[in-house]
Amino acid sequence: MDGEKVRIAYIGARTTKARNARGNGLNVYRLGQDLSWEHRQLVEMENPSFFAFDQTGQFLYTVHGDSNRVSAFSIDPSSGHLSFLNEQSTEGRNPVHLSFDPSNQFLIVANHVTSSLAVLRRLDDGRLGPVESLTVIEGKLGPHRVEQPFAKPHQVQFDPSGKWIVVPDKGLDAIFVYRLDRASGTLIKVASCETREGAGPRHIAFHPEGRLAYVINELDCSMAAYRFDPATGGIAPFQILSSVADCFTGNSRGAEIAVSADGRFVYASNRGSDTIAGFAIGEDGRMTSVGSWATAGKTPRFFTLLCEGDVLLAANEDTDTVVAFGVDKRSGALSPPSSVLTVGSPVCILLKDLNQT
């Protein structure tokens, strides 16, 4: 007989004065079916700012924002508690995103302010080896005098086939596509696509069927839709919309993006308007707005959808809350907040289900 499903939430928080942070590291919670929160563990560390599981789900890895490090942890299968394994340099500054290749041999990391992509080998016991290759990104700079002084890769996202790594670059107003040569541990560029000047592409999310992708542009708060060719890695835009309501006239920055598991909706967060924008995805891949909802806090740097698709968790970095919203799976609309967790400067959430007898 199957035991009760236990959902664990790993929440990363900014910790440094340079980020005006109030967080204390990596917090582990049990998230109840009623969206209640039970604190399980605190792992004190500097700026755990983005997480990834390996392909087995037995290990968790975090980059440390504004530093040059990535850390590896084993996960206790019964409690979800973390045990530190080791850390390695990313040979760059401000690592912001990380992904495992489908073979589970390599971890790819984006070094945001030193314009590079690092490839590290995953060892059999879950620890990380040193950087095996470092790919420096170059190109024409965007026009924003402050935010685009050099190439700024912000994500390393595998497409659903696991063959291609897509890298939105905020500094170059471009999206690059690479493949991983596993024999040498190096990245090979296969395609690229320019965005609108000053858009600042930040994150990409794929439609489950793999031929559509959606990008949140940070600097102009826009959402762009792309055709993606799983055979070649080619990528081409076909639609762009604002990610903030037309009545919002202030300053805002796009942050996170996610496509629902059924492929019917895409959501994006906006820091400044402090909203989640929702769009229906048509049969042709085009987006149509279904609404915009306040996140009940400031600076929603991150959000995630539960795998069932009926709950969205938004991390409000500057008001120290994680807020849960119900999701209407038919209309895509968000309901008013149903649960609020207080935690300092939250910037990342990763969920894991445990089975307990």
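Scan the stretch 336-357 residue by residue and report those that are part of a loop (DSSP other than H, G, I, E, B) and more than 13 Å from Arg14 (Cα to Cα).
Thr357, the sole residue that qualifies.
Can you pull out the residues in the stretch 336-352 that are within 19 Å of the chain's Cα centre (by Cα) and open to solvent by 50 Å² or more (accessible area, probe 1.4 Å)?
Listed by number, the list is empty, since nothing qualifies.
Name the strands (runs of 3 or more DSSP E) wholly within the stretch 19-106 that hold at least 1 residues that are in contact with a Pro (Cβ under 9 Å, 6 or more places away or on another chain)?
26-31, 48-53, 59-64, 69-75, 82-89, 95-100
Criterion first (surrounded by 15 or more Cβ atoms within 10 Å (Cβ to Cβ), more than 25 Å from Ala13 (Cβ to Cβ), touching a residue at least 60 places away in the same chain (Cβ under 8 Å) and β-branched (Val, Ile, Thr)) does Val131 satisfy it?
In short, no.
Tell me, yes or no, whether the stretch 322-335 has at least one residue that is in contact with a strand residue (DSSP E or B) (Cβ under 6 Å, 6 or more places away or on another chain), open to solvent by 30 Å² or more (accessible area, probe 1.4 Å) and not in a loop (DSSP other than H, G, I, E, B).
yes
From the residues in the stretch 53-88 that are open to solvent by less than 50 Å² (accessible area, probe 1.4 Å), more than 19 Å from the chain's Cα centre (by Cα) and of a type in the set (Gly, Ala, Ser), which one is nearest to Ile137 (Cα to Cα)?
That would be Ser74.
So in the stretch 89-123, with the set limited to residues that are among the charged types (D, E, K, R) and touching a Leu at 6+ places or on another chain (Cβ under 9 Å), which one is least open to solvent (accessible area, probe 1.4 Å)?
That would be Asp101.
The values are calculated or read from the model by the stated rules, or taken from the named source; none is laboratory data. In this text the structure is predicted, and so the values were computed from the model without any measurement. Here Cβ is always computed from backbone atoms with ideal geometry, including for glycine, and neighbour counts include all displayed protein chains. Surface accessibility is based on the protein's heavy atoms, side chains included, excluding ligands, DNA and RNA. Shrake-Rupley method; radii C 1.70, N 1.55, O 1.52, S 1.80 Å.
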